[in-house]
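Just below is one structure, and these are the notes that go with it.
The values are calculated or read from the model by the stated rules, or taken from the named source; none is laboratory data. Only a predicted model underlies this, so the values are computations on that prediction, with no experimental measurement involved. Ideal geometry is used to build each Cβ from the backbone, glycine not excepted, and the neighbour counts take in all protein chains shown.
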Amino acid sequence: MDRRLALAALVALAPSVALAPPALANGAEKKKGGGLSYIQIQTLTASIVRRNGSRGVMTMEVGVDVANEHLRDLAAASAPRLRAAYAQVLQIYASGLPAATPPDADYLAARFQRETDRVLGKPGAKLLVGTILVN
């Protein structure tokens, strides 16, 4: 019991900057890759049914490459809307995916590209698919 109190006091007294990761301590967000025109979208997940009937997870990493600076600013501001649109498409797709069937990356990329154009209001942003994992 005394150890827990001591640990809680130590955590409460420790400066919050010391607990932050080095990349985030100065307020900068670390990108995984891509250039200046690349906008990374937070990882998407959806529930699937495994071969044995239990639940699994499909994970997908995507990003948007936008060469036009004005459209890139719009895409960066619309990142939460893009992520929500992608998540909805992925969840609908995953819910209809037969058990033990691999995902169709070409189909998902085409649907995500259509959602990208819809959310941004015009074409010009290119969707890039990183990885698709089924667990």
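Table for the structure above
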quantity	calculated
Residues within segment 120-132 that are surrounded by 14 or more Cβ atoms within 10 Å (Cβ to Cβ) and within 13 Å of residue 45 (Cα to Cα), tallied	1
Output for segment 120-134, where each listed residue is farther than 15 Å from residue 85 by Cα and not hydrophobic (A, V, I, L, M, F, W, C)	122, 123, 124, 126, 130, 131
Wholly enclosed helices (runs of 4 or more DSSP H) of segment 4-104 bearing at least 2 residues over 16 Å from residue 131 (Cα atoms) and modelled with pLDDT under 95	16-19, 22-25
Selection count where residues are exposed (fewer than 13 other Cβ atoms within 10 Å of the Cβ), closer than 18 Å to residue 83 by Cα and free of Cβ contacts under 8 Å to residues at least 24 places away in the same chain, scope segment 96-114	2
Residue check for residue 117: surrounded by fewer than 18 Cβ atoms within 10 Å (Cβ to Cβ) and over 22 Å from residue 48 (Cβ atoms)	yes
Residue match in segment 72-83 (condition: acidic (Asp, Glu), touching a residue at least 24 places away in the same chain (Cβ under 8 Å) and surrounded by fewer than 18 Cβ atoms within 10 Å (Cβ to Cβ))	no
